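Reviewing the structure listed below.
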Amino acid sequence: MADDLLVIIPTRGRPKAVMPIVRAWHETKATADLLFAVDTDDPELAAYKREAAKFKSDGQIRFTFGKRRRLVGTLNAQAVKAAKQYRFLGFMGDDHRPRPAAMPWDARIRECLSGGPGIVYGNDLLQGENMPTAVAMTSDIVTTLGYFAPPAMVHLCVDLVWKDWGVGMQRITYLDDMVIEHLHPANGKAELDAGYEEVNSESMVSADTAAYYDYRDNGGLEGDLVKLRVLVEYADYPQRHILGFDQETAS
């Protein structure tokens, strides 16, 4: 389905991940659009451009090149633009791989989100239900909040926020049998490289953890949940009205 689901993958220093991700798209028969977001100051920029040239005429696999904003900044910049066109938006890291199943993973996402505002995630074989390290949501969440993840964070803890949003909205679905595998050094499925070292440095962990707790505990999360609950209520209102359960008729 054109213009219904876009998955955004901010990537840096890992052009060799492009083809395995594209192969995963084909192996899972995914029809979702895929956008690789690359920094123009990436040391591997030339290699990324060679990869992009392979898909120049492919409308499904696309690349965008822009200044470095780090993961959250890049994701937000691309998601806000894409929300004007796509009904659903997803995020994966360049170390995630969707795996084949009886029903394609992107079809599962569409099915879960077709009922209105919400968030869905699968089993990454690392965090499982605990954290949506890869996630999809309805684009009206992005347009309502103005971002896909709180901009005070750089890279870490955003998966905690996505779960907080979904739980707070009462609109979150975990699909244990929808595997989007996280190939990470923590589970021995990836080598520790400069990218992992940077984002898991003591300073980054400290800064993003502090930003998350500040967002969660000092009004940021509650302010966003107020907006999201209004979004859900507004989306649900026509159905409640038809069934006679709106506030004016309920007694």
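A few remarks follow.
- For segment 161-202, the set of trypsin sites (Lys or Arg not before Pro) satisfying both a DSSP loop assignment and a count of at most 16 other C-beta atoms within 10 Å is given as 189.
- Compactness of segment 1-48 - radius of gyration and Dmax, Cα, Å: 12.0, 35
- Kirkwood-type hydrodynamic radius, segment 38-85: 11.8 Å, calculated from all non-identical alpha-carbon pairs.
- Each Lys or Arg adds one and each Asp or Glu takes one away; over the other residues whose Cβ falls under 13 Å from the Cβ of residue 141, this sums to +1.
- Sparse packing (at most 10 other Cβ atoms within 10 Å of the Cβ) combined with a DSSP loop state is found for the following trypsin sites (Lys or Arg not before Pro) in segment 49-105: 56, 67, 84.
- From largest to smallest, the equivalent ellipsoid semi-axes obtained for segment 109-213 from the alpha-carbon gyration tensor read 25, 19, 10 Å.
- The local environment of residue 210, defined by Cβ-Cβ distances under 13 Å, has a net charge of -3 under the rule Lys, Arg +1 and Asp, Glu -1.
- Averaging 1/r across all pairs of distinct Cα atoms in the chain and inverting the result yields a Kirkwood radius of 18.9 Å.
- Unit charges at the beta carbon, dipole of the chain: most positive-side option, 19, 52, 85: 52
- Low-density loop cleavage sites - GluC sites (Glu not before Pro) in segment 181-219, where at most 10 other Cβ are within 10 Å (DSSP): 191
- Dipole of the chain, positive end: most advanced residue of 134, 112, 64 [Cβ charges, Cα centre]: 64
- When the Cα atoms of segment 35-117 are aligned to their principal axes, the ranges along those axes come out at 41, 26, 24 Å in descending order.
Read-outs throughout are calculated quantities, based only on the coordinates presented, and are distinct from any laboratory measurement. Keep in mind it's a predicted model, so treat the numbers as computed, not measured. Using ideal geometry, Cβ is built from the backbone for each residue, glycine included, and neighbour counts are taken over all protein chains shown.
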